[in-house]
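Structure record follows, encoded as structure tokens.
Here, each number is a calculation from the coordinates, and none is a lab measurement. Here the structure is a predicted model, which means the values were calculated and not measured. All Cβ positions, even for glycine, are placed from backbone atoms using ideal geometry, and neighbour counts span all protein chains on display.
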Amino acid sequence: MTSTDKRDRTAEIAAAADAVVSGTGLVTVDAGRTGRRIDFVPSAPSGGWSPEVRGDTLLVELGASPTRESARRAAITAGARLRDGDAVTVSAPPELTGPIIDGLITGSPPGAAVTLLVDRPQLPAALRGQLAADVARLARLLVSAPANLLTPGVAAGWAARIAENAGLTCTVRGPDEVRAQGFGALAAIGGGSADGPYLVTLDHLPEAGAPEVVLVGKGITFDSGGLSLKSPAAMQSMRLDVAGAVTVLAVMAALRRAGCSIPVRAVLPFAENLPGPGAARPGDIVTAWNGTEIQILDTDFEGRVILADALALAADSAPRLLVDLATLTYQAEIALGPEIAAVLARDDDAAAEFLAAGSRAGEPLWRLPYDERYLHQVRTPSGVRNHPLHDSGRAITAALFLGEFVPRTVPWVHCDMTGPAWSGNASIDGATGFGARTLLELLARA
């Protein structure tokens with residue numbers, strides 16, 4: 001990695017963050033018409049969404065019963081046909097305008113300045129699609145950034161920079177404050193890295209009072225497994241373990257532009273899980289911010305440990321809804337495959353609200369049982385342990401562990417997006433931005 005690469009990555013993230021806040025990305029959306037068109041039609045697709053050129057029109061068949069997800073996927077394919085300087089009119093079913101504009105922007109070639117024009121009644125939906133594409137792009141760039149460029153301290157710095165530009169109130173606790181203020185779980189996992197752990201709190205509309213919705217994201221900037229070291233192959237893609245936190249950060253950056261009128265808080269724990277001199281050992285017992293003892297039996301089960309402190313702090317404000325987003329367990333991917341995220345919740349109404357947001361966003365989610373019959377695998381006589389000592393049901397026991405840090409009076413949803421957070425091998429920028437669109441929809445209706 002050369003210094004030029006580093007500057008280019010940094011500039012790209014900065015431009016994407018500015019685009020989320022201001023809506024001034026390379027692809028612009030407006031009302032109007034021009035000679036060239038892209039027509040999306042709900043008919044049986046021929047050739048798997050291969051766009052067909054008919055004169056000055058690019059025809060894209062969506063299938064007989066297109067969904068928001070399938071429409072966005074088709075538009076991503078069509079977006080690859082756009083070129084720098086293009087100005088095209090987009091014709092689409094009104095209910096699919098947002099995801100189609102989102103897909104066209106997402107699929108457009110990097111660096112291409114393009115204008116997408118729609119009929120004026122469809123402009124509000126088109127602008128929402130543009131915002132979703134901008135937010136997902138920022139999330140993808142942050143997740144895909146090499147771990148030597150996105151350390152915990154750098155991630156906290158991006159949060160502070162974005163907060164200033166987006167009108168958010170930001171509090172950054174550095175390594176010393178994390179330890180001094182009793183965040184023993186986060187301090188333990190971050191102790192093996194020279195960079196140390198950081199805990200970031202962001203507030204949208206803090207003057208409106210206590211937050212109605214609090215978002216928490218897992219922010220492991222690199223996961224080696226700590227002293228419970230992963231295999232070399234399993235480590236290759238572990239920069240993706242920051243996906244939950246930076247996806248939440250990207251969404252927070254968009255709230256002012258989205259016109260979100262409710263107070264929203266984000267709690268983002270950042271740490272690097274390395275086997276350094278201060279690393280946690282298997283068998284160590286640490287105390288979380290809410291006073292609960294955690295026995296760390298496996299340092300590669302680190303995500304739930306840092307989330308324990310973050311969830312305890314998030315729940316302390318007694319929000320109407322608490323949501324955490326995390327690449328937490330491989331067993332969620334085993335259960336649901338690589339494209340569907342797992343949702344676990346104690347509260348049926350909270351789960352239904354989150355699943356409905358995912359449906360509107362076109363992001364596939366599936367609810368798994370939050371079944372307390374396995375709670376004995378998590379609890380110890382004096383607290384909890386981070387490893388269930390069983391090989392099966394680990395997506396459930398991970399959620400049960402987290403639930404020990406969220407009072408039952410707080411409606412809470414846990415989203416394990418291990419599978420859909422990344423697509424492709426470890427050598428490419430494979431982050432998908434999954435979860436960003438669902439959170440935007442959730443806050444738009446909250």
>> Let me spell out the model: positive unit charges on the Cβ of Lys and Arg, negative unit charges on the Cβ of Asp and Glu, origin at the Cα centre of region 23-129. What dipole size does that give, in debye rounded to 20?
In response: 40
> To the nearest 500 deg cm²/dmol, what mean residue ellipticity at 222 nm is calculated for the chain from DSSP H runs of n ≥ 4 alone, each contributing -39,500 (n - 2.57), summed and divided by the residues?
Replying inline: -11500 deg cm²/dmol
> To the nearest 0.05, how large is the calculated FRET efficiency for Gln236 and Asp8 if R₀ is 25 Å and r is the Cβ-Cβ distance?
Replying inline: 0.65
> Taking amide hydrogens as modeled 1.01 Å from N in the peptide plane, which residues meet the under 5 Å criterion relative to Asp195, leaving out close sequence neighbours?
Replying inline: none
> Along the Cα-to-C-beta direction of Arg320, a point sits 7 Å from the Cα; which residues of region 203-218 have their amide N less than 13 Å from that point?
Replying inline: 209-214
>> Through the Karplus equation 6.51 cos²θ - 1.76 cosθ + 1.60, θ set to phi - 60°, convert the phi angles of region 318-323 into ³J(HN,Hα) values in whole Hz; use x for Gly and Pro.
In response: 6, x, 5, 8, 10, 10
>> Please list, ordered by chain and number, the residues whose modelled amide H lies under 5 Å from the amide H of Asp284; skip anything fewer than 5 residues away on the same chain.
In response: Ile296
> So what's the convex hull volume per residue for the Cα atoms of region 140-209, in Å³?
Replying inline: 110
>> Output needed for region 336-437: three equivalent-ellipsoid semi-axes, defined as square roots of 5 times the C-alpha gyration tensor eigenvalues, in descending order, whole Å.
In response: 26, 19, 11
>> For the chain, set up a GNM with springs between Cα atoms under 10 Å and report which of Asp134, Asp371, Asp298 has the largest fluctuation.
In response: Asp371
>> For the chain, what does the relative contact order come out to in percent, with C-alpha contacts under 8 Å and a separation of six or more?
In response: 15
>> What FRET efficiency comes out for Arg120 versus Asp84 if R0 is 30 angstrom and r is the Cβ-Cβ distance? Round to the nearest 0.05.
In response: 0.70
> Separation of region 224-281 and region 133-153 by C-alpha centroid, Å?
Replying inline: 10
> With each label point set 7 Å from Cα along the Cα-Cβ vector, what nm distance links Ser392 and Thr28?
Replying inline: 5.9
> Once a ≥ b ≥ c are taken as the square roots of the eigenvalues of the Cα gyration tensor of region 150-445, is the result rounded (a/c under 1.5), prolate (a/b larger than b/c) or oblate (a/b not larger than b/c)?
Replying inline: rounded
>> Using +1 at the C-beta of Lys and Arg and -1 at the C-beta of Asp and Glu, which of Val118, Asn386, Leu227 has the Cα lying farthest in the positive direction of the dipole of the chain?
In response: Val118
>> Could you tell me the center-to-center distance, by alpha carbons, between region 174-204 and region 309-354 in angstrom?
In response: 22
> Rounded to the nearest 20 Debye, what is the dipole magnitude of the chain about its Cα centre when Lys and Arg each give +1 and Asp and Glu each give -1 at the C-beta?
Replying inline: 540
> Hey, got a sec? Which GluC sites (Glu not before Pro) in region 304-410 land in a DSSP loop and have at most 14 other Cβ atoms within 10 Å?
Replying inline: Glu339
> Taking the Cα atoms of region 83-210 alone, what are Rg (to one decimal) and Dmax (as a whole number) in Å?
Replying inline: 20.0, 57
> Who wins for biggest fluctuation among Pro319, Pro269, Pro206 in a Gaussian network model of the chain, springs between alpha carbons below 10 Å?
Replying inline: Pro206
>> Modelling each spin label as a point 7 Å along the Cα-to-Cβ direction, I'd like the Glu372/Ala160 distance in nm, to one decimal.
In response: 4.2
>> Considering only C-alpha atoms, what is the centroid distance from region 407-446 to region 79-119, in Å?
In response: 24
> Could you give the alpha-carbon Rg of region 389-446 over 2.2 N^0.38 Å, rounded to two decimals?
Replying inline: 1.48
> Suppose every K and R has +1 on its Cβ and every D and E has -1 on its Cβ; what is the size of the dipole of region 135-260 about the Cα centre, in Debye to the nearest 20?
Replying inline: 400
> What order do you get for Ser228, Ser261 when you list them from fewest to most C-beta neighbours inside 10 Å?
Replying inline: Ser261, Ser228
> Mind listing the Cα extents of region 23-129 along all three principal axes, in Å, largest one first?
Replying inline: 35, 25, 24
> Mind listing which trypsin sites (Lys or Arg not before Pro) in region 366-446 are in a DSSP loop and have 15 or fewer other Cβ atoms within 10 Å?
Replying inline: Arg408
> What residues qualify as long-range amide H neighbours of Val413, i.e. H under 5 Å apart, gap of 5 or more or another chain, H built at 1.01 Å from N?
Replying inline: Leu322, Val323, Asp324
> What list do you get for Thr299, Thr24 if you sort them by fewest beta carbons within 10 Å?
Replying inline: Thr24, Thr299
>> Under 10 Å, Cα contacts only: if you run a Gaussian network model on the chain, which one of Val264, Val143, Val41 comes out with the highest mean-square fluctuation?
In response: Val41
> Once Lys and Arg get +1 and Asp and Glu get -1 on their Cβ, which of Gly278, Tyr374, Leu313 lies farthest toward the positive end of the dipole of region 255-412?
Replying inline: Leu313
